[in-house]
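The values are calculated or read from the model by the stated rules, or taken from the named source; none is laboratory data. The shown structure was predicted, so the numbers you read here are calculated from the model rather than taken from an experiment. Cβ coordinates were reconstructed from backbone atoms using ideal geometry, including for glycine residues, and neighbour counts include every protein chain displayed. All accessible areas refer to the heavy atoms of the entire protein, side chains included, with ligands and DNA or RNA removed. Shrake-Rupley method; radii C 1.70, N 1.55, O 1.52, S 1.80 Å.
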Amino acid sequence: DMPAYLAQYHADFTPDEGLDRTRWAQLRHQRIAGKSGRITVFLRDIDIEFDGEQAIATFVQDYDSGNYHDSTRKRLRLARALDHWKILNEQSID
């Protein structure tokens, strides 16, 4: 459900790859949409720090899509948008 997936990102989201948001969304759609099979994402070692209307979440993400497996440490900067938290920025970190 690409619309629901993309809706988790804040209107001010800035991709790390130097892309604008429109191009980033196109690439995410190409990578994700239309793929058959189950995607499983498991988060562990979660730490969240709050700073007013923003938060920083760090965690390890275990991803499995049948033909691709990955375990990555990530950092998300989130901001309140009405009554929901939305992703402002995401990074893979070590």
Check on Leu19, aliphatic (A, V, I, L, M) and at positive phi: no
Of residues in segment 4-33 being open to solvent by 80 Å² or more (accessible area, probe 1.4 Å) and among the polar types (S, T, N, Q), the one farthest from Leu88 (Cα to Cα): Gln30
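Results for (1) out of contact with any strand residue (DSSP E or B) (no Cβ under 6 Å at 6 or more places or on another chain); (2) of a type outside the set (Lys, Arg); (3) at pLDDT below 95, shown as yes or no for each residue.
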{"residue": "Pro3", "(1), (2), (3)": "yes, yes, yes"}
{"residue": "Ala7", "(1), (2), (3)": "yes, yes, yes"}
{"residue": "Asp20", "(1), (2), (3)": "yes, yes, yes"}
{"residue": "Lys35", "(1), (2), (3)": "yes, no, yes"}
{"residue": "Val60", "(1), (2), (3)": "no, yes, no"}
{"residue": "Asn67", "(1), (2), (3)": "yes, yes, yes"}
{"residue": "Asp70", "(1), (2), (3)": "no, yes, yes"}
{"residue": "Ala81", "(1), (2), (3)": "yes, yes, yes"}
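Of the residues Arg77, Arg44, which is more than 14 Å from the chain's Cα centre (by Cα) and at pLDDT 90 or above? Spell out the reasoning first.
Working: Arg77 fails: more than 14 Å from the chain's Cα centre (by Cα).
Exactly one residue qualifies, and that residue is Arg44.
Here are some residues: Leu76, Leu88. Which one is part of a strand (DSSP E or B), in contact (Cβ under 8 Å) with a residue 40 or more places away in the chain and open to solvent by less than 40 Å² (accessible area, probe 1.4 Å)?
Details: Leu76 fails: in contact (Cβ under 8 Å) with a residue 40 or more places away in the chain.
Selected residue: Leu88, the only one of Leu76, Leu88 that is part of a strand (DSSP E or B), in contact (Cβ under 8 Å) with a residue 40 or more places away in the chain and open to solvent by less than 40 Å² (accessible area, probe 1.4 Å).
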